[in-house]
């Protein structure tokens, strides 16, 4: 049953040292504010899971939150590389990180399998690629009817999934719309679910394309207006494309990165979007 | 690319002797008018597929359209037995029919697998039941990660799927809402798709819970107002519960059944809902 | 006010009740303290809505048609009743209901009924007689096998007689406890199975060791001999055999109001 | 009007064009007569929208984020751009996009790019150098492997040089034709694979027998020796080597209009 809590309390309650933490949102609805709170709380040793690691994972990796990354595509969308991600992989700074990489379809089906209470998902994919040999979580499986060989991937059950949505009601029922990506599946796959929202409303009004998460599958709801900045929240905020471009320069060097984090994440006034 | 056609022309184009024909709609949006047209066109030897065979399948079975039935639950919802279905199974009238029965979850996942381009679907189910031994389309499958044994079911690709929706636009894009059941999956599983609709509108306006089938996955769109009677179409018509009760009496005996079909399906004036 | 229930008897609106009413009331009581319930049409739907009206207003009703959190103001006539969709927190596809919500292990209590049940709570809703040439062809499995497999607990509503309680099922549509202890695990079924069977005579629960259904309570006015006579096998009886409380005035009043909402009376 | 394209060169709005423009125009031409296209951001998105503007207004654009039939009025900046959702016929979940629409075999043409490509059209977008200690860590697979596997055809957009055309990939992220004829079938890949590679120098297509990429046309102003020099292996050349038509005035005008819609110029 969802509890409405502060960001600090909710993150402290659900994200523990060493946890497997999925943070979803496909370009849209990226829970940046929650990621910043994890940095502030100094969580280490996390297995971070996300289809598209972008700026928020770059920041968390750069601050040493991650022991391992499970992902599909790690880049600054439309701009280029994630420099903190690269520094960790190429140079082990601030710590080496283990990589488990998938295609988007493969990782998506790991969430789907977990949400469905199945131990594995099946897809056409991976054969002939170097991913197959590199990743022990991909195995061949024969169709018992046609004999075809398909790829099986194990269900992925995060300890906690964090997503952002437009609204919740006072009972903690959640409503999101627009591009909702794999948010529902990632939430239903997890042991604990934290949803940051733009606002609490008296009553949720269903909209076209709306996805509801009832309060009995959500643990914490946190009001975090503009909590997706510089990503966006349809109906509430626009993507700040310049911030993505700026991040390229900020993140290139370790010291400019640390200075930015100090100012925009760790400083007492930094719980506002930055 | 969807063509807007008359019911008679569209059914003649997509439903051929001996075809595997899925007619979906879960209580809501049952394409009764299309089923009646199949009866009028005298199609025989069909493999009829439907999660919940109800009045329309009872009528088609009683008129000898079916050679085989693939289904999950065959009853008159809230009333009792399907007497024509029972007469065919118990007494072979008007012809014996082969049964392939599934649980709803199993048959649903056969559609999902087909829609997904996979040769099989996986679910937790069937073990310990008599269905397992009776139905060759259910096979055990071991999880390559945990070793657990699950049930595999083969993808079901109907030759044609027929569904009903609220609206289409002039380009044949389809919009349905309310309880949409397994309509999308059944359509995406099929080689040919026929959608009957309440009306053609200039522009589709998305609604909460709305499901769109773009015109490039639909072959024929047919305007059939009240085409779900005595089922219902949210926003257009209510369920005629008394008709379901009346069907029990009409269908109990072969002659009252045949008289009803003559009057309400085969007579020249019967292309109106009845 | 005189109303006629689904089973055709007359009520005077006071403490008069019949065996169906008792089954419904017992089922609604079993939902006390529960959160999420998978509901079929008929007695289960009435019982779940009686629980909402009486003691568990926030009970989440999930119907197989895809409606999650339906709050019907009248008893639905089918699991795809428009009233369910209109009052639900969310309407999702049938694949999603089965895969994400039921198989995902999110439903606490599921209701089932059947034409036949054996001593291990296995159910037949497929055929009476042989499968290929049945005496009576029944509707079939529907959602039952997976409801029985995936709900954390299952409540079976079934009348108790030699017709319904049978030594050997003609067809095992749905697994209760198979042939006894350990079979559910062997079949990979995740929930606890039929933890409660509510009949018109009383309540049965599985024995902790053997999983054989054991009469644990009798409804008011029912003697133990009635239950023994209605059961074709040597019925196990709990040493502390209890007695169901009769429906309270509130329960009956709420039930009458619910039944009065049915269009077909 | 003077605009600066994504690659930073100036245009005078006339027939001046650069190699990126030629690649985009060639890609948009390849979409003529097609119906459904899976689009990534950058050159592919520009090419697909140029095709919509120029010759195939009904081209259905599917972006991995879940937008089906997007009709953006400006070039999107990411595959999850709000403009795509607002203008789409339908927005579905990412699992649905991959499973029902891509893997379901409903997409005719997919676009891909990569850091490296070999002679069989296999692609690397994962690492330069060794996997465990890479010289350059690239973003990774994303949607590419399944786009290459399930689209009926794939068009690769890649510059032609010794950096991008390599004898041996450092990592095979995405399968083109594997080690040659028959490998796609062996890997269970359903589409025809990279039937067209568009570079800044010209066009390559797989040999019908061996699947090795063969230079079939050169862009205006490019000499065969340029292509041979840019390729580290002995490049196969079609006997009837063609010449790409230069961008027409209409194509260039439409391209300029599209690029002008980008917020970041």
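The values are calculated or read from the model by the stated rules, or taken from the named source; none is laboratory data. Quick caveat, the model's predicted, so the values are computed rather than measured. All Cβ positions, glycine included, derive from the backbone under ideal geometry; neighbour counts span all protein chains shown.
Numbers at a glance
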item	result
Segment C:48-62 - residue that is within 23 Å of residue A:175 (Cβ to Cβ) and crowded, with 23+ Cβ neighbours inside 10 Å and, of those, nearest to the other protein chains (Cβ to nearest Cβ)	C:60
Single residue of segment C:211-265 satisfying the filter (in a loop (DSSP other than H, G, I, E, B) and within 30 Å of residue C:81 (Cα to Cα)) that is nearest to the chain's Cα centre (by Cα)	C:247
Lone qualifier among A:184, A:139 - being at the interface with another protein chain (Cβ under 8 Å from one of its Cβ atoms) and farther than 30 Å from residue A:221 by Cα	A:139
Filtered residue count, segment C:121-165, keeping only those that are touching a residue at least 60 places away in the same chain (Cβ under 8 Å) and within 7 Å of chain B (Cβ to nearest Cβ)	2
Residue D:45 vs. criteria within 11 Å of chain A (Cβ to nearest Cβ), more than 19 Å from residue A:71 (Cβ to Cβ) and either modelled with pLDDT of 95 or more or in a helix (DSSP H, G or I) (or both)	yes
Residue list for segment D:102-113, restricted to those being part of a loop (DSSP other than H, G, I, E, B), touching a strand residue (DSSP E or B) at 6+ places or on another chain (Cβ under 9 Å) and at pLDDT 95 or above	D:103, D:106, D:107, D:108
Sole exception among (1) buried (at least 24 other Cβ atoms within 10 Å of the Cβ); (2) within 12 Å of the chain's Cα centre (by Cα); (3) away from chain D (no Cβ under 14 Å) for residue A:37, by number	(2)
Qualifying positions in segment D:121-167 - surrounded by 24 or more Cβ atoms within 10 Å (Cβ to Cβ) and part of a loop (DSSP other than H, G, I, E, B)	D:121, D:122, D:126, D:139, D:140, D:141, D:143, D:151, D:160
Test: residue in segment A:185-202 that is within 14 Å of the chain's Cα centre (by Cα), within 20 Å of residue D:86 (Cα to Cα), in contact (Cβ under 8 Å) with a residue 24 or more places away in the chain and buried (at least 21 other Cβ atoms within 10 Å of the Cβ)	no
Test for residue B:149: is it within 28 Å of residue C:178 (Cα to Cα) and either in contact with a helix residue (DSSP H, G or I) (Cβ under 9 Å, 6 or more places away or on another chain) or within 11 Å of chain C (Cβ to nearest Cβ) (or both)	yes
Some residue of segment B:3-24 being within 12 Å of chain C (Cβ to nearest Cβ) and either in contact with a strand residue (DSSP E or B) (Cβ under 9 Å, 6 or more places away or on another chain) or within 19 Å of residue B:244 (Cα to Cα) (or both)	yes
Subset of segment B:170-187 [within 18 Å of residue B:116 (Cα to Cα) and out of contact with any strand residue (DSSP E or B) (no Cβ under 8 Å at 6 or more places or on another chain)]	B:182, B:185
Candidate set from segment A:233-269 (those that are in contact with a helix residue (DSSP H, G or I) (Cβ under 6 Å, 6 or more places away or on another chain) and surrounded by 16 or more Cβ atoms within 10 Å (Cβ to Cβ)); member that is nearest to residue A:64 (Cα to Cα)	A:257
Verdict on residue C:199 being within 22 Å of residue C:109 (Cα to Cα), touching a strand residue (DSSP E or B) at 6+ places or on another chain (Cβ under 9 Å) and surrounded by 13 or more Cβ atoms within 10 Å (Cβ to Cβ)	yes
Residues of segment C:68-101 satisfying the condition of being at the interface with chain B (Cβ under 7 Å from one of its Cβ atoms) and in a strand (DSSP E or B)	C:91
Check on residue D:255, crowded, with 16+ Cβ neighbours inside 10 Å and in contact with a strand residue (DSSP E or B) (Cβ under 7 Å, 6 or more places away or on another chain)	no
Residue count for segment B:219-242, restricted to those that are closer than 30 Å to residue A:178 by Cβ and within 12 Å of another protein chain (Cβ to nearest Cβ)	4
Selection count where residues are assigned to a loop (DSSP other than H, G, I, E, B) and within 14 Å of chain B (Cβ to nearest Cβ), scope segment A:206-218	5
Some residue of segment A:68-83 being more than 12 Å from every other protein chain (Cβ to nearest Cβ), out of contact with any helix residue (DSSP H, G or I) (no Cβ under 6 Å at 6 or more places or on another chain) and under 30 Å from residue B:143 (Cβ atoms)	yes
Flag if residue D:213 is touching a helix residue (DSSP H, G or I) at 6+ places or on another chain (Cβ under 9 Å), touching a residue at least 12 places away in the same chain (Cβ under 8 Å), away from every other protein chain (no Cβ under 12 Å) and crowded, with 24+ Cβ neighbours inside 10 Å	no
Within segment D:178-196, tally of residues that are within 23 Å of residue D:106 (Cβ to Cβ), in contact with a helix residue (DSSP H, G or I) (Cβ under 7 Å, 6 or more places away or on another chain) and within 11 Å of another protein chain (Cβ to nearest Cβ)	4
Residue within segment B:223-241 that is part of a helix (DSSP H, G or I), more than 21 Å from the chain's Cα centre (by Cα) and more than 18 Å from residue B:7 (Cβ to Cβ) present	no
Residue list for segment A:84-121, restricted to those being at the interface with another protein chain (Cβ under 7 Å from one of its Cβ atoms), closer than 17 Å to residue D:132 by Cα and without any contact (Cβ under 8 Å) to a residue 24 or more places away in the chain	A:86, A:89, A:90
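For every residue, the table says whether it meets (1) surrounded by 24 or more Cβ atoms within 10 Å (Cβ to Cβ); (2) in contact (Cβ under 8 Å) with a residue 24 or more places away in the chain; (3) under 23 Å from residue A:115 (Cα atoms).
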position: C:33; (1), (2), (3): no, no, no
position: C:64; (1), (2), (3): yes, yes, yes
position: C:80; (1), (2), (3): yes, no, no
position: C:92; (1), (2), (3): no, yes, yes
position: C:97; (1), (2), (3): yes, yes, yes
position: C:105; (1), (2), (3): no, yes, yes
